[in-house]
Amino acid sequence: MTSVAIVTGASSGIGAATARRLAAEGFHVLAAARRTERLAELVAGIEAAGGRATAVECDVTSDESVAGLAAAAAAAPGPVTLLVNNAGGARGLDPVESGSVGDWQWMYDVNVLGTLRVTQALLPALEASGAGTIVVVSSTAGFTVYEGGGGYTAAKHAQTAVAGTLRLELCGRPIRVIEIDPGMVKTEEFSLVRFGGDAERAAAVYAGVAEPLVADDVADCIAWCATRPHHVNVDRLVVRPLAQAAQHKVHRAGQ
C-alpha cells in the first residue's frame, strides 16, 4: 500500500519542491495550501512525471480548515506516514521598538500555531501507521537572532521549541520528529512577502551571493531525512549555502 505524505505550504517554494521530490520517492502526496490554482498546477506536474498527488485547500491558521486536511488524510489511499510542517513565513525587518504587532501575530500564528494545529490533527493517523515521521521546517533563525529579525526569530525559536518538546513527549511511540533549519534560501516569494512586495528590496537580500540555496536543495534534505530507516532519527539538520558561514557572515562578490 502506498504511503501518504502531507506537505503544508505546498503552493510554492520549499513546499512545492518537497511535494515533487516526495512524489518521486514513491509517496502519494497531499499537497496542502491556500492557493488552489497553484496546487492544481503542482499536482498536474507531479502526475505528468508519473507521481501521485492530491491538492487539498488548507489555511493552517484556521482550525476548521485544518480539520478538513485531517479529513482528506483519512480518505487518502494509504497510511499517513509523513507530515512536513512547511507552511510559514516572515513579515517585516523592523527593530523591536517599532515592529508591527500585526506582523508579529501573523508570524506566530503561521509558523508556530500552524505547526501546532496541523500536528495535533494528524498525530492519530501518523501513530496508527506504526511508522510516522513529522518534519518541522524551521530556520537558522530558530537558534540565532539578528537585528531587525525579532518577530521572525521569536516565532522560529518557538517553532524549534515545539519540535524539541514534541520529540520528548513522543518518545516510546512510533513517530520520529525531525527539524530542518535552512539558512539563506532563494525562493520566488519568501523575501517578497517579507518586504510587502518590494521586489528591489527582496532582490537585495541575495545580491552578490553566487549560489544561495534553492528550494530543491532543502527538499533534498527533507527527503533524505524522511527516507532513512525508521529507527534513525535525524533530530536537527542545519543547511546553509557555502557563501553563508553564519547568519551575520555572508560572502558577497565584490565585497
Boolean, GLY51 is in contact with a His (Cβ under 9 Å, 6 or more places away or on another chain) and either among the polar types (S, T, N, Q) or farther than 22 Å from ALA121 by Cβ (or both) = yes
Tally of residues being assigned to a helix (DSSP H, G or I) and open to solvent by 10 Å² or more (accessible area, probe 1.4 Å) across the range 120-131 | 8
Of the numbered conditions (1) within 17 Å of the chain's Cα centre (by Cα); (2) at pLDDT 95 or above; (3) crowded, with 18+ Cβ neighbours inside 10 Å, PHE190 satisfies every one except a single condition; which is it?
-> (2)
Odd one out for ALA246, checked against (1) touching a helix residue (DSSP H, G or I) at 6+ places or on another chain (Cβ under 9 Å); (2) open to solvent by less than 70 Å² (accessible area, probe 1.4 Å); (3) at pLDDT 95 or above = (3)
Quick check: is even one residue across the range 149-157 touching a Pro at 6+ places or on another chain (Cβ under 8 Å), open to solvent by 40 Å² or more (accessible area, probe 1.4 Å), under 21 Å from TRP106 (Cα atoms) and of a type outside the set (Lys, Arg)?
-> no
Residues in the range 215-229 that are of a type outside the set (Gly, Ala, Ser), in contact (Cβ under 8 Å) with a residue 12 or more places away in the chain and either in contact with a strand residue (DSSP E or B) (Cβ under 7 Å, 6 or more places away or on another chain) or part of a helix (DSSP H, G or I) (or both) total 7
Name, by its number, the condition in (1) over 17 Å from the mean Cα position of the chain (by Cα); (2) open to solvent by 50 Å² or more (accessible area, probe 1.4 Å); (3) under 26 Å from ASP63 (Cβ atoms) that does not hold for VAL145.
-> (3)
How many residues does the range 65-113 contain that are under 30 Å from ARG201 (Cβ atoms), assigned to a helix (DSSP H, G or I), open to solvent by 50 Å² or more (accessible area, probe 1.4 Å) and touching a helix residue (DSSP H, G or I) at 6+ places or on another chain (Cβ under 8 Å)?
-> 3
Total residues in the range 158-175, condition closer than 16 Å to LEU123 by Cα, open to solvent by less than 10 Å² (accessible area, probe 1.4 Å) and in a helix (DSSP H, G or I) | 1
Of residues in the range 198-232 being open to solvent by 60 Å² or more (accessible area, probe 1.4 Å) and in contact with a Lys or Arg (Cβ under 8 Å, 6 or more places away or on another chain), the one farthest from VAL145 (Cα to Cα) = HIS230
Using beta carbons and a limit of 9 Å, which pairs, at least six apart or on different chains, have the first residue in the range 21-45 and without any contact (Cβ under 8 Å) to a residue 24 or more places away in the chain and the second one aromatic (Phe, Trp, Tyr)?
-> none
Criterion: assigned to a helix (DSSP H, G or I), in contact with a strand residue (DSSP E or B) (Cβ under 9 Å, 6 or more places away or on another chain) and among the aliphatic types (A, V, I, L, M) - qualifying residue of ALA32, ALA19 | ALA19
All but one of (1) part of a helix (DSSP H, G or I); (2) within 17 Å of the chain's Cα centre (by Cα) hold for ILE134; which doesn't?
-> (1)
Subset of the range 234-243 [surrounded by 15 or more Cβ atoms within 10 Å (Cβ to Cβ) and either part of a strand (DSSP E or B) or in contact with a helix residue (DSSP H, G or I) (Cβ under 9 Å, 6 or more places away or on another chain) (or both)] = VAL234, ARG236, LEU237, VAL238, VAL239, ARG240, PRO241
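The values are calculated or read from the model by the stated rules, or taken from the named source; none is laboratory data. The structure displayed is predicted, hence computed values, not measured ones. Counting neighbours? That spans all protein chains shown, and the Cβs are built from the backbone with ideal geometry, glycine included. Only protein heavy atoms, including side chains, enter the accessible area calculation; ligands, DNA and RNA are left aside. Shrake-Rupley method; radii C 1.70, N 1.55, O 1.52, S 1.80 Å.
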